Amino acid sequence: MNRVLVLGGSIRAKASNRGMILEMASEVSDVAEYQDVVRERLSSTVLCNSEIIAGAALVGARLSGVHVDYFPLCHLFPQKDRRLFDLMVEGDDSALAQLDTLDIDEDALNELLAALDASQGVVLATPVYFGDRSSVANKFLQLATVRERVLNKVYGVVSVGAKRNGGQETCNIFSLYEMLHQGTFGVGNGMPTSQYGGTAVGGDLGKVVADEWGLATALGTGERVGQVSRMVTKGLQSPVEAKTNVVFLLAMDTKAGKLKTHIDSLIAEAGSTLDGVEFSAINLVEHDIYRCLGCKSCPRDGDTECDHPQCIIRNPDDYLETARGKLLGADGVIVCGINPSDIGDLVTRYQVFTERMRSVRRNNYELSNTLFAGLCYHDFSATINPIHSLKVMVSYIRHNTVMHKPIELFEYDGALLDSGAKGVAGFCEAASILAAGKTQVDIPKTTYRAYGEGGGYAQDESSQD
Ligand SMILES: Cc1cc2nc3c(=O)[nH]c(=O)nc-3n(C[C@H](O)[C@H](O)[C@H](O)COP(=O)(O)O)c2cc1C
């Protein structure tokens with residue numbers, strides 16, 4: 001059976017709490033029950049907030065049908081005074097000073113590596129420090145031995161900050177994006193919000209237990225990592241014969257069509273070397289796409305034939321429906337952009353297309369578990385569109401998709417430094433793994449529900465989400 005490893009990223013976590021956190025997560029089947037168990041423990045013991053959100057992620061992973069494991073990253077650091085190891089008791093912050101945070105304990109590192117090797121999914125549970133992960137959590141991402149071992153693992157992140165909007169999302173997005181570059185499959189928190197992982201609020205030790213919504217996002221992240229890791233494992237074990245459909249979605253171009261010319265040659269090159277892949281392209285630049293009206297009934301119960309008098313989906317001049325049809329048949333989608341030196345040279349449909357994808361999301365997450373990545377053709381040092389691939393991850397993960405490593409191309413002095421063929425080949429391999437796995441793992445269907453102002457669980461009809 002698959003295993004998901006949850007990593008605790010707080011310096012306030014206790015190595016001696018490992019068993020307790022796993023035990024708490026093994027007893028419950030939803031957020032309310034988990035809160036009860038944590039509250040009971042808090043009456044007699046100290047738990048930091050990251051330990052609590054880690055536990056919620058463990059619950060979610062367990063419910064997705066995988067084994068779970070937990071490792072507090074502070075355990076990597078040796079104790080200056082071993083006798084103080086278990087003296088990190090209630091309120092005794094002074095014991096933390098006994099951690100030698102500059103060195104790594106080799107035994108603990110080997111323990112972490114063994115746990116990592118035994119896992120197909122990883123969730124990082126970290127406090128938010130200045131809108132980013134803690135330095136303890138960062139250690140995990142920076143260890144070269146760790147980086148070599150995460151290829152084809154599924155990665156998600158949950159974070160807790162003292163404030164609402166304290167940087168939980170930036171924290172999550174940073175490590176998600178960085179881990180894509182290490183060959184992981186990146187996922188968010190799934191339903192109901194499909195954002196960037198767990199985002200919880202809690203300042204003083206244990207306070208996050210009150211944040212039902214934040215704990216639900218952490219649970220959702222664990223569940224999502226568990227589900228997708230089952231697909232990836234199946235896909236690796238039992239590939240299928242069917243061809244993998246990979247779509248290049250050209251969301252912008254230069255007036256002279258520089259991106260299209262390059263994508264055409266990439267498709268020709270990749271098509272001749274990658275037997276099992278069927279390539280196609282959607283060139284949005286050649287079509288009109290109307291702006292999203294933010295209509296609250298869009299689309300109606302999966303029926304895109306909405307009777308709203310102004311429904312742009314039905315407008316024959318609007319290209320969204322045609323593009324949607326092509327995307328629904330894809331196993332993988334590469335959203336291509338360009339970063340030219342001259343803004344006057346840019347023709348873009350990216351933003352308007354991305355906002356119109358709201359109807360696809362609201363149509364019960366039609367693109368769930370499709371592999372996505374950004375590709376950007378940069379003029380060296382151009383500043384018009386420098387973060388295209390990051391934007392692609394942020395917007396398209398909200399469709400409950402799975403994200404993969406971006407492909408960045410740089411032209412310098414008229415010469416393209418790398419064609420991107422290797423990146424495309426890596427993407428195609430990942431898309432075929434996921435496509436094969438999807439057919440072999442039974443995952444509950446996702447039903448769209450709008451969530452907006454209010455933050456509660458009840459459906460809010462006026463939601464713009
Ligand atoms: C150095 C430092 C930086 C922090 N930066 C932020 C921040 O940017 N946003 C935020 O909401 N909370 C911030 N916090 C608060 C912690 O994220 C918060 O207390 C968290 O619950 C701690 O998790 P823990 O109990 O697992 O250690 C910061 C705390 C520290 C110590």
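The values are calculated or read from the model by the stated rules, or taken from the named source; none is laboratory data. Being a predicted model, the structure only gives us computed values, none of them experimental. Because the Cβ atoms are built from the backbone with ideal geometry, glycine has one as well, and the counts that use them run over all protein chains shown.
Can you confirm whether the range 179-186 contains a residue that is at pLDDT below 95, under 25 Å from residue 11 (Cβ atoms), away from the ligand (no atom under 16 Å from the Cβ) and assigned to a helix (DSSP H, G or I)?
So far as the range 179-186 goes, no, none of its residues is at pLDDT below 95, under 25 Å from residue 11 (Cβ atoms), away from the ligand (no atom under 16 Å from the Cβ) and assigned to a helix (DSSP H, G or I).
Just one of (1) within 20 Å of residue 58 (Cα to Cα); (2) of a type in the set (Val, Ile, Thr); (3) surrounded by fewer than 24 Cβ atoms within 10 Å (Cβ to Cβ) trips up residue 173, so point out which.
Every listed condition holds for residue 173 apart from (1).
In the range 204-231, which residues are touching a helix residue (DSSP H, G or I) at 6+ places or on another chain (Cβ under 7 Å), under 20 Å from residue 13 (Cβ atoms) and assigned to a helix (DSSP H, G or I)?
207, 208, 209, 214, 215, 218, 219, 221, 222, 225
Considering only the range 143-165, state which residues are within 16 Å of the ligand (Cβ to nearest atom) and either buried (at least 18 other Cβ atoms within 10 Å of the Cβ) or touching a residue at least 12 places away in the same chain (Cβ under 8 Å) (or both).
If the condition is that a residue be within 16 Å of the ligand (Cβ to nearest atom) and either buried (at least 18 other Cβ atoms within 10 Å of the Cβ) or touching a residue at least 12 places away in the same chain (Cβ under 8 Å) (or both), then 157, 158, 159, 160, 161, 162, 163, 164 are the ones that fit.
State all residues of the range 14-25 that are in contact (Cβ under 8 Å) with a residue 40 or more places away in the chain and either surrounded by fewer than 23 Cβ atoms within 10 Å (Cβ to Cβ) or over 21 Å from residue 212 (Cα atoms) (or both); if no residue qualifies, say none.
14, 15, 16, 17, 18, 22 - these are the residues of the range 14-25 that are in contact (Cβ under 8 Å) with a residue 40 or more places away in the chain and either surrounded by fewer than 23 Cβ atoms within 10 Å (Cβ to Cβ) or over 21 Å from residue 212 (Cα atoms) (or both).
Restricting the range 1-34 to residues that are over 20 Å from residue 115 (Cβ atoms) and of a type in the set (A, V, I, L, M), which is nearest to the ligand (Cβ to nearest atom)?
The qualifying residue nearest to the ligand (Cβ to nearest atom) is 31.
Would you tally the residues in the range 262-303 being surrounded by 17 or more Cβ atoms within 10 Å (Cβ to Cβ), touching a Lys or Arg at 6+ places or on another chain (Cβ under 7 Å) and at pLDDT 90 or above?
Total meeting the criteria: 6.
Anything in the range 187-202 that is within 16 Å of the ligand (Cβ to nearest atom) and either in contact with a strand residue (DSSP E or B) (Cβ under 6 Å, 6 or more places away or on another chain) or at pLDDT below 95 (or both)? List them, or say none.
197, 198, 200, 202 - these are the residues of the range 187-202 that are within 16 Å of the ligand (Cβ to nearest atom) and either in contact with a strand residue (DSSP E or B) (Cβ under 6 Å, 6 or more places away or on another chain) or at pLDDT below 95 (or both).
Of these, 163, 139, 153, 207, which one is in the same structural domain as residue 56 (by TED's automatic domain parsing), touching a Gly at 6+ places or on another chain (Cβ under 7 Å) and of a type in the set (D, E, K, R)?
Of 163, 139, 153, 207, the one residue that is in the same structural domain as residue 56 (by TED's automatic domain parsing), touching a Gly at 6+ places or on another chain (Cβ under 7 Å) and of a type in the set (D, E, K, R) is 153.
Would you list the helices (runs of 4 or more DSSP H) that sit entirely within the range 348-410 and hold 3 or more residues that are touching a helix residue (DSSP H, G or I) at 6+ places or on another chain (Cβ under 7 Å), farther than 22 Å from residue 288 by Cα and touching a residue at least 24 places away in the same chain (Cβ under 8 Å)?
388-396
With the condition kept exactly as written, say whether any residue in the range 37-54 is among the small types (Gly, Ala, Ser), modelled with pLDDT of 95 or more, in a helix (DSSP H, G or I) and within 16 Å of the ligand (Cβ to nearest atom).
Yes, some residue in the range 37-54 is among the small types (Gly, Ala, Ser), modelled with pLDDT of 95 or more, in a helix (DSSP H, G or I) and within 16 Å of the ligand (Cβ to nearest atom).
Counting only residues that are β-branched (Val, Ile, Thr) and either within 20 Å of residue 339 (Cβ to Cβ) or more than 23 Å from the chain's Cα centre (by Cα) (or both), how many does the range 408-443 have?
1
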